[in-house]
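Written below as structure tokens is the structure these notes are about.
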Amino acid sequence: ATQEEIPPAGAFTYEFVARDEGTFWYHPHVRGDSQVERGLHGMLVVRGGPKIPVERERTFVLDDVKLKASGVLSDSTTSLDIMLGRQGNFIVANGVVDGVLEAAASSRERWHIVNTANGRYFNLQLRGHSLRVIGWDGGLLEEPYSTDTLLIAPGERYDVLVELDGKAGSQVALETIHYDRGHEVPDPGPQRVLTLRLGKPPSSPPKALPEIWGAAVELAAPEGAVEREFVLKEEEIDDGQDVRFTINDQAFPDIPPLRAREGDIEVWRLDNQSEMDHPFHLHGMFFRVLDVNGEVPKHVGWKDTVNIPQMSQLRFAVQYGDPGVWMY
């Protein structure tokens, strides 16, 4: 929901019911580019679903910072920063650069991951391992899946299991590899996020995983459902010194508010006509992706943030929940 900003030396108490299981994060919407950059954000994990036996459970807040040689935050911007969002020159995990964590060899861990970066996409790989994705923004998946690389757009959250192979004394690197999100972003090669240093294995092997995970996502678009269209564009202004982003040819704050009724199911069609990917977020409710460029996705789950590839179209179904004013 929307509220007035909290002034310096002010206070505000939040009281809410955590109804949905999942991995969430909180952050300000007043000068978020500056306040989030300075660390004003955090993670909230809401428990639910079956018990998942693991040796260790971790939370990873992934971010980057742009620092001057002196070590202070840089407010300089490049043309790519203006176009794609500021990308830092240091990668941090839980506020640490090149962190080293202790882990048990031959053990299973559960990781809750959020990308809080301004513009950076994390395309994660764990050398010599696969990542088993068990949950998205809105909680556990009905059918988990394994992947060698995991793309996380800004604002997205993932819940993964890792089976750590390797002998005690060895190390495993978690890296982010290049992802082409548009406008010819240069490839810096693999960049280290953190290192796991493997120690003595557990006294007993990991227990069996549950057979039933998350509930089925049954939301579908009924016949005759309203389908809203959102055309996303970009254009250079001020002789190429700045960029203007529009939705249906209107720029914020001149975009007219939408009106809908509680309980209605609608389809949103997002047509990204720009030459860059866009992370799209809908506040206050989850949705189900129906198709991307006409293709039904391989995996199904609840999302509130999704990446829309450059020059692509994505459709999702959403059922409007609590009445109020919600941002997208």
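The values are calculated or read from the model by the stated rules, or taken from the named source; none is laboratory data. Nothing here was measured: the structure is a model prediction, and the numbers come from that model. Note: ideal-geometry Cβ built from the backbone for every residue, glycine included; neighbour counts use all protein chains shown.
Taken over the range 52-69, the criterion of being modelled with pLDDT of 95 or more and of a type outside the set (Val, Ile, Thr) is satisfied by Pro53, Glu55, Arg56, Glu57, Arg58, Phe60, Leu62, Asp63, Asp64. Among the numbered conditions (1) closer than 27 Å to His27 by Cβ; (2) under 19 Å from the mean Cα position of the chain (by Cα); (3) of a type outside the set (Val, Ile, Thr), the only one that Arg315 does not meet is (1).
Hey, any hits in the range 226-235 for a residue that's farther than 30 Å from Asp165 by Cβ, touching a strand residue (DSSP E or B) at 6+ places or on another chain (Cβ under 6 Å) and without any contact (Cβ under 8 Å) to a residue 12 or more places away in the chain?
Quick first cut of the range 226-235, residues farther than 30 Å from Asp165 by Cβ only: 226-235.
Remaining after also requiring touching a strand residue (DSSP E or B) at 6+ places or on another chain (Cβ under 6 Å): 226-235.
Next cut, without any contact (Cβ under 8 Å) to a residue 12 or more places away in the chain only: 235.
Within the range 226-235, one or more residues are farther than 30 Å from Asp165 by Cβ, touching a strand residue (DSSP E or B) at 6+ places or on another chain (Cβ under 6 Å) and without any contact (Cβ under 8 Å) to a residue 12 or more places away in the chain.
Of everything listed in (1) free of Cβ contacts under 8 Å to residues at least 60 places away in the same chain; (2) under 18 Å from Asp180 (Cβ atoms); (3) outside any strand (DSSP E or B), the single unmet condition for Met83 is (1).
Residues that are more than 24 Å from Gly138 (Cβ to Cβ) number at least 3 in the following strands (runs of 3 or more DSSP E) confined to the range 220-296: 227-237, 242-247. Determine, yes or no, whether Asn89 is closer than 30 Å to Val243 by Cβ and not hydroxyl-bearing (Ser, Thr, Tyr). It is true that Asn89 is closer than 30 Å to Val243 by Cβ and not hydroxyl-bearing (Ser, Thr, Tyr). The strands (runs of 3 or more DSSP E) found entirely in the range 89-149 that carry 3 or more residues being among the small types (Gly, Ala, Ser) and surrounded by 14 or more Cβ atoms within 10 Å (Cβ to Cβ) are 99-104. Selection within the range 13-43: residues that are without any contact (Cβ under 8 Å) to a residue 24 or more places away in the chain and part of a strand (DSSP E or B). The member of this set that is nearest to Leu194 (Cα to Cα) is Gly42. Determine, yes or no, whether Ile52 is out of contact with any His (no Cβ under 8 Å at 6 or more places or on another chain), surrounded by 13 or more Cβ atoms within 10 Å (Cβ to Cβ) and closer than 26 Å to Leu126 by Cα. Spelling it out, Ile52 is indeed out of contact with any His (no Cβ under 8 Å at 6 or more places or on another chain), surrounded by 13 or more Cβ atoms within 10 Å (Cβ to Cβ) and closer than 26 Å to Leu126 by Cα. Selection of first residues in the range 251-273 that are without any contact (Cβ under 8 Å) to a residue 40 or more places away in the chain and of second residues that are surrounded by 14 or more Cβ atoms within 10 Å (Cβ to Cβ) and among the β-branched types (Val, Ile, Thr), restricted to Cβ pairs under 6 Å at least 6 apart or on distinct chains, gives the following pairs, ordered by first then second residue: Ile255/Ile247.
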